[in-house]
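Presented below is the structure to which this report refers.
The values are calculated or read from the model by the stated rules, or taken from the named source; none is laboratory data. All values reported here derive from a predicted model rather than from experimental measurement. Glycine also receives a Cβ, built like all others from the backbone with ideal geometry; neighbour counts cover every protein chain displayed. With ligands, DNA and RNA removed, areas are computed over all heavy atoms of the protein, side chains included. Shrake-Rupley method; radii C 1.70, N 1.55, O 1.52, S 1.80 Å.
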Amino acid sequence: MHQLSLTQLSGVGGKVVEKLLKLGISSINDLLLHLPFRYEDRTRLTPISTLREGDKALIEGKIESCEVLIRKRRRLVCQIRDESGTISINFFHFYPSQQKTLLPGKRIQCFGEVTQNGWLPSMVHPEYRILRENEVSTVPDTLTPIYPTAQGLGQSQVQKLVQQAINISKRNIEITQDLLPEQIMQRKNFPQLSKSLAFIHAPPPDAPIEMLEEREHIAFKRMAYEELLAHNIAMREYRSRMLKQDDSYAVEFNQQIKQQFLQNLGFNLTGAQNRVLQEIYTDLATPTPMLRLVQGDVGSGKTVVAALSVLQCVASGYQVVIMAPTELLAEQHLKNFSNWFEPLGLEVAWLSGKVKGKARENVLRAIESGTTQVIVGTHAVFQEDVHYQNLALTIIDEQHRFGVHQRMALKEKGMKGGKAERGRKPHQLIMTATPIPRTLAMVAYADLDTSVIDELPPGRKPIKTVVIPEQRRTEVIERIRDACKNGSQVYWVCPLIDESEKIECEAAAETKEILSAQLSELRVGLVHGRLKAQEKEEIMQQFMQGRVDLLVATTVIEVGVDVPNASLMIIENSERLGLSQLHQLRGRVGRGSKDSSCVLLYKGPLSQMAKSRLQTVRESNDGFYIAQKDLELRGPGEVLGTRQTGTIGFLVADLARDEELLDEMQQVGDEILRDYPELVEPLKQRWIGDSSRYGEV
Ligand code: ADP
Ligand code: MG
């Protein structure tokens, strides 16, 4: 679809264009989709005597007086009178020149929120306009839309620009062309896009403001629908193009190596693990690249499933990479995989950013020549200079921590690695312990097949969770004392309370000192992201071997750490963490035969929202339920961890609010791709822009 340039707008120069860019607006088309987040009703004048506290209203009257008062706080106060009554307007910040224009006798219009303290109603810092001598009093004939603005780009300027864009779109009707098939428009009773936009940007005075602001109005729903569809299609199209273009290795199933592995394992796979493995094996057996997300709650045993997938590829002579988001988690995989694979005569290589110099050269050489078949590490495994001989499978653990955006990038890199040799792409397995609600997956992961490990290994006991205000810390300390007396071990987590890792680590260090003093009989350890790998390793070793009773940690222990003897976890500042993150952290306990508990300490007072969030974690041990709640309470950006990257930054749609629209998305997406291929490009253009984030090549 043709994008109309911003230069079409009159009175818009380079500076304004720059500021619009900051708002993500780079064309007239974008400007049309820059939507109000709130409306004000200035369509009628309210008689002063009928104003009530809290009203936002437009009034008009004559200035009776205007003076600077200095009682209590210095301020400029005007009294304004209409036929029905008097109101005072107050300015705590004002210019001397302001007093000169607010002259008694002049007529004035003010818009603001009414407060009532004292005997007159008043407005503080209202917007106002002094009417000229013979000016006929007028009011806008539509509701006033309020838009997101940027530094140096005022509200009224944005309003005017959008109005201009609307006018331009009337002359260039192709930019608001309807991109939904006629029968969908009819079935859903959707208004045309041009009508929807006109309504949204300039609603008539009787439009339902609340419904508009909550974006439940059909004009918004219609746009949300189109946007969700565009995303669904873009991801699937990307996927199908990938399938067509590329071949992976077909991995032959090898029963013997599986049997060998299971014999040494010491437990039986759960039904869910077996089922998911079967799904993976089926994918691996064909040369079509697998792209599969394995969702499984904390402790559901994803690692074993990964290991058994690795083995199949290795038995066929191919390479496999396992990547984790943190050094600590990657190290744990290294340990697990080494333990499991060494008896089978299989070596596991390690590659992280901290592997340097000669050691790194050696690893890289082994990878390139194919002598190393299993590589575990951090994102370092996908650095430019890592060349694989025949990479058949990449496994990304705890994927949600990477964010969707990074997943796309990794996919690309992973492919380049594989492509270097014989043009094959690796199969991909993504593992996450943050369950993705189904609806969210339909848009954010429409390009993935999913498998769910929906069963925990037998004998797990639920973790008892309590929520306690910080003032009752002493009680908690006693609890730690008791637990350790009974031979248990304890985690104390200090989550990020500041943006900087440095300060977070300092806070953890301080907490460690305090706790050591209060619990002098205990051996207290400290682990955080700023320790050297070796120091970290040492502390973790000590904790695993029971030589440390109480481990104070930052959220570095969030994922993967496995110490079955730990049965109590304290999480400070729990009100600041995401629900899924709390659930993950809590999953560090309850891994052995003991009864386990988790104490969520919070700093009050709690907002209603914070209360219901903590309550959710207290009441449920089910990661899927918690994720769904998290989605409802906080929105998809937070759940997916992509708020910063803005990947799932929808313009209109909200995955929680518009959930009912998602039900048919997959099917309608199919229909469009099959029957209306001509709509695909314009839809992507309109809603996703150049769509580079969907891995376009
Ligand atoms: P997660 O899915 O959170 O990554 P892990 O793979 O770390 O979980 O597994 C958690 C623990 O459960 C590990 O100690 C693992 O050895 C154990 N485990 C995995 N599968 C089973 C099973 N089928 N029966 C018993 N224990 C299992
Ligand atoms: Mg894991």
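Here are the numbers:
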item	result
Residues with amide H under 5 Å from that of residue 106, placed H, sequence gap 5 or more	63
Per DSSP, loop GluC sites (Glu not before Pro) in region 1-102 with at most 15 further Cβ within 10 Å	53, 83
Separation of the residue 510 and residue 183 label points, Cα + 7 Å toward Cβ, nm	6.6
With every protein chain in place, the chain: carbon and sulfur % of accessible area (1.4 Å)	49
Label-reachable residues, region 134-162, where backbone N falls under 12 Å from a point 7 Å from residue 209's Cα toward its Cβ	143-146
Cleavage-rule hits, trypsin sites (Lys or Arg not before Pro), region 1-98, DSSP coil, Cβ neighbours within 10 Å at most 12	44, 52, 71, 72, 73, 74
Peptides ranked, highest mean first, by Cβ atoms within 10 Å: ranges 28-37, 212-221	28-37, 212-221
Pairwise centroid distance, computed over Cα atoms, of region 8-25 with region 355-372, Å	50
Environment charge of residue 104, counting only residues whose C-beta is closer than 14 Å and scoring Lys/Arg +1, Asp/Glu -1	+3
Cβ crowding within 10 Å averaged over residues, with 193-205, 456-468 ranked highest first	193-205, 456-468
Over 28 Å (Cα to Cα) - which of 56/684; 461/629; 512/629 fall in this group	56/684; 512/629
Residue 535-residue 262 pseudo-label distance in nm [points 7 Å out on the Cα-to-Cβ vector]	4.6
Candidate lysines for bridging to residue 188, where Cα separation is under 20 Å - those fewer than 8 sequence places away on the same chain excluded	221
Neighbourhood charge, 14 Å Cβ-Cβ cut-off, centred on residue 51 and excluding it, Lys, Arg +1 and Asp, Glu -1	-3
Packing rank of 298-306, 680-688, 84-92, where each peptide gets the mean count of other beta carbons within 10 Å, highest leading	298-306, 680-688, 84-92
Estimated inter-spin distance, residue 55 and residue 523, nm [label 7 Å along Cα→Cβ]	7.3
Residue-span extension gain [residue 335 to residue 103] - 0.36 nm each, minus C-alpha spacing	75.5 nm
Prolate/oblate/rounded call for region 48-139, Cα gyration tensor, a/c under 1.5 rounded	oblate
Within region 31-57: backbone nitrogen closer than 15 Å to the residue 81 label point (7 Å, Cα to C-beta)	48-49
Sites residue 449 and residue 72 - FRET efficiency at Förster radius 60 Å, r taken between beta-carbons, to 0.05	0.35
Cα-based equivalent ellipsoid, the chain: semi-axes from gyration tensor eigenvalues, Å	55, 35, 21
